[in-house]
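To start, the structure itself, in structure tokens.
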Amino acid sequence: MEHTSVKDLLNAASIGKTAIAKGWVRTKRGNKNVAFIALNDGSTIHNLQLVADPTKFDEETLKKITTGACIRAKGEVVASQGSGQATEMQVSELEVYGEADVDTYPLQKKGHTLEFLREIAHLRPRTNTFGAVLRIRHNMAFAIHKYFNDRGFFYLHSPIITGSDAEGAGEMFRVSVLDAENPPRNEEGKIDYTQDFFGKETNLTVSGQLEGELGAMALGKIYTFGPTFRAENSNTPRHLAEFWMIEPEMAFHDIVDNQDLAEDMLKYLINYALTNCKDDVEFLNNMYDKELLARLQSVVDKPFKRMTYTEAIDVLVPNKAKFEFDVEWGTDLQKEHENFLVSHFGGPVILTDYPKHIKAFYMKQNDDGKTVRAMDVLFPWIGEIIGGSQREENYDKLLQRMNEMHIPEKDLWWYLETRKFGTCPHAGFGLGFERLVLFVTGMSNIRDVIPFPRTPKNAEF
Ligand code: 4AD
Ligand code: MG
């Protein structure tokens, strides 16, 4: 007989059926007349209550059923008397697959801090919090594919190992098989990467955008969704060294189309979570952040405020005294400035047309000679959730900007060729997947929305 998920067993439609449940014990309580076991199998935040008559089971088996143990239970599903759920199971058979020693199992009934749980990331998916976060994370990934598929975008797999620096920021992890202790050297005494695996210097990608552009200029509308890597030493609650990014890229789209897509997609995803992850979002709302549900709903309901960087500076400068970091036209915005704008306008803000010297080489240059068609989406709680732009489609302008910014032409000859052969106006953006999950779950640290976070000095598990 196959087992049924706890989620299905909790459905009133299961009442009257004999079924098998398998999962991990959250708690066991009771007395010599009755035992109550709360069972969770990860299919839902809710536990199935198993009700057993201790006189019908051998003592050894019952003793092994402690918090953390993995068990199988067979019994009749009945309407629940008082477990807070619609159903419970009257158990007739119990089997213990794996015990969990009471003295050493780290996840006891009492609550644990999120910091402590990070140290036991191999077990934290078994907590209510991480179960909820990981189910929401899955749902967001699924909804992203659905959103793009339903709108005619194609999923393009951009490479993870590359020979270029897509953002030109030099924050890359090297990929090499050379002997680190004693690498081969060329005549100049430099490391000879021609002898390396790929015959050249390679690194983990910081973004799939450049390859995404190649896809868009053939398939029309594409998106990438994969891991990206940044060796930036940012030890903040918003940065990971390994994170997932979604990068749509669209031929024949300009900066306004780009904003429309970003806003529509974010609203779709948040609405999807409100509809399809209700129990988990409600749990997190009650547990950590009583304003979570209201904040999510308000983002779905209201239009995003759109303005240029220059207009934002005009809002920020008169409030200079409130900030730790100086702000004037030309400075990159700090988190405190982004937060100010978001609370000033009471919701998400899309900023465009940033000074060119603080943005990447590929962004389309405006006629003013000072700004580029960049687009950042700023979110309450998060700050920058999306970064993107319309792209420079003019070969000469792109090459000139690459030279100005010391981007090696030899690494990007293939990218430049798209501007030689059938170039067209196009635009795209990158959504940080963990920042989206952070927003939807209301968690406060990005390390708590990815199963196994990679951050400076941390690659355990
Ligand atoms: O703004 P970024 O650097 O833009 C790009 O990489 C472009 N190539 C995207 C594009 O136009 N196709 O990164 C995009 C987003 C950020 O807005 C942020 O949400 C997320 O990626 N991000 C990070 N998330 C977690 N940890 C980090 N270290 C991140 N760096 C960027
Ligand atoms: Mg950015």
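The values are calculated or read from the model by the stated rules, or taken from the named source; none is laboratory data. Worth saying up front: this structure is predicted, and the values here are computed from it rather than measured. Cβ atoms come from the backbone with ideal geometry, glycine included; neighbour counts cover every protein chain shown. When the accessible area is computed, the model is the full protein with side chains, heavy atoms only, and any ligands, DNA or RNA have been set aside. Shrake-Rupley method; radii C 1.70, N 1.55, O 1.52, S 1.80 Å.
What the table below lists for this structure:
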| read-out | value |
| --- | --- |
| Single residue of segment 98-116 satisfying the filter (free of Cβ contacts under 8 Å to residues at least 40 places away in the same chain and within 19 Å of S444 (Cβ to Cβ)) that is least open to solvent (accessible area, probe 1.4 Å) | H112 |
| Yes/no for A169 being surrounded by fewer than 19 Cβ atoms within 10 Å (Cβ to Cβ) and within 16 Å of ligand 2 (Cβ to nearest atom) | yes |
| Test for N235: is it open to solvent by less than 20 Å² (accessible area, probe 1.4 Å), in contact (Cβ under 8 Å) with a residue 40 or more places away in the chain and under 27 Å from P451 (Cβ atoms) | no |
| Residue selected from segment 23-56 under the condition basic (K, R) and in contact with a helix residue (DSSP H, G or I) (Cβ under 9 Å, 6 or more places away or on another chain), by the criterion farthest from E99 (Cα to Cα) | K32 |
| Condition check for L178: open to solvent by less than 60 Å² (accessible area, probe 1.4 Å), within 19 Å of G208 (Cβ to Cβ) and of a type in the set (A, V, I, L, M) | no |
| Whichever residue in segment 166-197 is of a type in the set (A, V, I, L, M) and outside any loop (DSSP other than H, G, I, E, B) and, among such residues, is farthest from ligand 1 (Cβ to nearest atom) | I191 |
| Selection count where residues are touching a strand residue (DSSP E or B) at 6+ places or on another chain (Cβ under 8 Å) and either buried (at least 20 other Cβ atoms within 10 Å of the Cβ) or at pLDDT 95 or above (or both), scope segment 132-164 | 16 |
| Those residues of segment 182-192 which are under 24 Å from A241 (Cβ atoms) and open to solvent by 40 Å² or more (accessible area, probe 1.4 Å), in sequence order | I191 |
| Hits in segment 14-51 (condition: among the aliphatic types (A, V, I, L, M) and open to solvent by 70 Å² or more (accessible area, probe 1.4 Å)) | I15 |
| Residue within segment 373-387 that is more than 12 Å from ligand 1 (Cβ to nearest atom) and within 17 Å of G168 (Cβ to Cβ) present | no |
| Scope segment 434-461; condition open to solvent by 10 Å² or more (accessible area, probe 1.4 Å), among the aromatic types (F, W, Y) and either outside any loop (DSSP other than H, G, I, E, B) or closer than 13 Å to F243 by Cβ (or both); matching residues | F452 |
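To keep it simple, each residue is scored yes or no on (1) of a type outside the set (V, I, T); (2) within 16 Å of ligand 2 (Cβ to nearest atom); (3) over 22 Å from F340 (Cβ atoms).
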{"site": "N366", "(1), (2), (3)": "yes, no, yes"}
{"site": "R373", "(1), (2), (3)": "yes, yes, yes"}
{"site": "D376", "(1), (2), (3)": "yes, yes, no"}
{"site": "I382", "(1), (2), (3)": "no, yes, no"}
{"site": "R391", "(1), (2), (3)": "yes, yes, yes"}
{"site": "K397", "(1), (2), (3)": "yes, no, yes"}
{"site": "R401", "(1), (2), (3)": "yes, no, yes"}
{"site": "E404", "(1), (2), (3)": "yes, no, yes"}
